[in-house]
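Derivation of every value follows stated rules applied to the coordinates shown; laboratory data play no part. Keep in mind that this is a model prediction, so the values were computed, not measured. Please note: Cβ atoms are built from the backbone with ideal geometry, for glycine as well, and neighbour counts cover all protein chains shown.
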Amino acid sequence: MCPLRADEALAEAWRNLAGHLHIEAATRLKDAADSRERELAAAVLQAMQQPTTDERLNQVERRLLALAEGHDDETAAAALYLAGRLHQVHFNPPDAAKAAHYYEQLATRAPHSHWAQLGLVKLGLLHLYVLPAPGGPPDRLAAAEALLPRVTIPTLRRDLFITLARTRIFYEQPL
């Protein structure tokens, strides 16, 4: 078997991560060229390893924020998005306010990035169901609807529209 080139090794590591093949991903990352994207993949691998602990997730968050700091590239955007996802989904208990902060920060820094646009959709979900809203469902819906002009990628805009429509049904609000 011939060894993979460094860039092929990184691409294979990402495919392994997507398939939850942690051992294979770790092996491929060892063959990948040293880069910020390799560090991002390594942080994702660390977050996926079991058992999940707050200590490990805090380490991953620090790695992601270091990748995002001082850079305006795709790796920085992905890192900041993933920091938000850590707090929205992986920490126990989740920290919706911190997740929202990261998504908002990303949307401010790189508004047209795919990661920022995806983060705005996640932020919409947080407004609709998790973040405090003193006025109840109408305020929740208004906060999420206010994000629509900022979501410009058609498929993500569609996702936010669908989520808003389903939420209106859930809260028994007029369509």
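Tabulated data
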{"read-out": "Index of the failed condition, residue 118 passing every other in (1) in contact with a Phe, Trp or Tyr (Cβ under 8 Å, 6 or more places away or on another chain); (2) free of Cβ contacts under 8 Å to residues at least 12 places away in the same chain", "value": "(2)"}
{"read-out": "Residue satisfying all of: in the stretch 39-67; farther than 15 Å from residue 28 by Cβ and of a type in the set (Asp, Glu); farthest from the chain's Cα centre (by Cα) among these", "value": "55"}
{"read-out": "Elements of type helices (runs of 4 or more DSSP H) contained in the stretch 7-122, each with 2 or more residues being of a type in the set (S, T, N, Q) and buried (at least 17 other Cβ atoms within 10 Å of the Cβ)", "value": "none"}
{"read-out": "Inter-residue pairs, beta-carbon under 6 Å, first free of Cβ contacts under 8 Å to residues at least 60 places away in the same chain and in the stretch 40-63, second not in a helix (DSSP H, G or I), 6+ apart", "value": "57/91"}
{"read-out": "The stretch 25-68: number of residues that are among the polar types (S, T, N, Q) and under 14 Å from residue 83 (Cβ atoms)", "value": "3"}
{"read-out": "Among the residues listed as 133, 144, the single one being free of Cβ contacts under 8 Å to residues at least 24 places away in the same chain, part of a loop (DSSP other than H, G, I, E, B) and either surrounded by fewer than 20 Cβ atoms within 10 Å (Cβ to Cβ) or within 20 Å of the chain's Cα centre (by Cα) (or both)", "value": "133"}
